[in-house]
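For reference, the structure discussed in these notes is given below.
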Amino acid sequence: MSIQESDRSVVVRDGRAVHMAKGSTGRQRVQSTHAGEKKVPRRSVSSSLNALREKASREPDHRFGGLYTMINMVMLRESFHLLRRRAASGVDGQSVADYESDLEVNLAGLLERLKSKSYRAKLVRRRYIPKADGKLRPLGIPAVEDKIVQMSARRILESIYEADFMDTSWGYRKGKGAREASGVLREALLSKKVNWVVEADIKGFFTQMDHRKLLKMLRNRIDDEAFVRLIGKWLSAALQAMKHWVRKSRNLPLSKITPILRSKLVGHYNYYGVVGNAKSLGRYRHWCQRLLYKWLNRRSQKRSYDWDGFCQMWNTMGMPEPKLNVKPYQLILEPLKVYY
């Protein structure tokens, strides 16, 4: 019989999930079969999530804290096993099977980076999949590690927000989806007198979502800045990558920085240059300017550029202007379809 991680009881107090280990030593023996091959599954994660769900149902205005610390080794391991085995690889080319080949070591490294706040989200790989109407739907594919942490955060958020949803909300909820919604609609059409049905969609919702407002909305229910910042890292990953590169490359000659930066900007514009996203591209260009200006001036104790001089140099470097390159695959607001 081996000593394993504690099966903890969970108490949600003052909005914080408090994990209380059973036993005076803080550890508990895990029962196994006579062959020692099969262990009784631990329930610490499900207990924590159930406690959050119950608290959220009882107190709809409560703000939850202590969520970041819930992403522990057990949570990460369970979240990994919830991933689709044949999911496409992210930008790093690593598959779920590759990650699993040294799972415990990989998860331990991931957990250490989460604890030290050095975890960085990777870029999201973009692919386009065809829709029934001939248009293309954008699909973001995160790296495996990002999927694991996102799955963990998703399970926590679902436990809190599930209590806030109405029964008629079907999108992006566990156990609910288009198939179930169509079944309910079918029963309503067969059993009730219906004169018309309206189908409507939000134009370019995911490409035009204001991330600042999204994080502000989360803070209405979450009192844990570490957890909110974790979500913010995924929202601001084509930004963190650029910041890291500029800081690392600031001491290179401009003749080497210029072509790489130009290529990165073109890549960003090609990736995000869809109709309705022009303002975002402009903000990104300005942000890159300010970032390069900041780090070039840190190459020595003496300030190298003032802002006007830097802007003139930026223009002579031939940096590309934001450009919309992708057709409005999902951004055309079609007339409302009315069925009689």
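At-a-glance table
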item	result
Hey, Y128 of a type in the set (F, W, Y), out of contact with any Leu (no Cβ under 9 Å at 6 or more places or on another chain) and at pLDDT below 85 or not	no
Filter result (under 20 Å from the mean Cα position of the chain (by Cα) and open to solvent by 80 Å² or more (accessible area, probe 1.4 Å)) within region 169-189	Y172, K174
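The values are calculated or read from the model by the stated rules, or taken from the named source; none is laboratory data. All of these numbers come straight from a predicted model, not from anything done at the bench. Note that each Cβ is placed from the backbone with ideal geometry, even for glycine, and that neighbours are counted across all protein chains shown. Heads up: the accessible areas ignore ligands, DNA and RNA and are worked out on the full protein's heavy atoms, side chains in. Shrake-Rupley method; radii C 1.70, N 1.55, O 1.52, S 1.80 Å.
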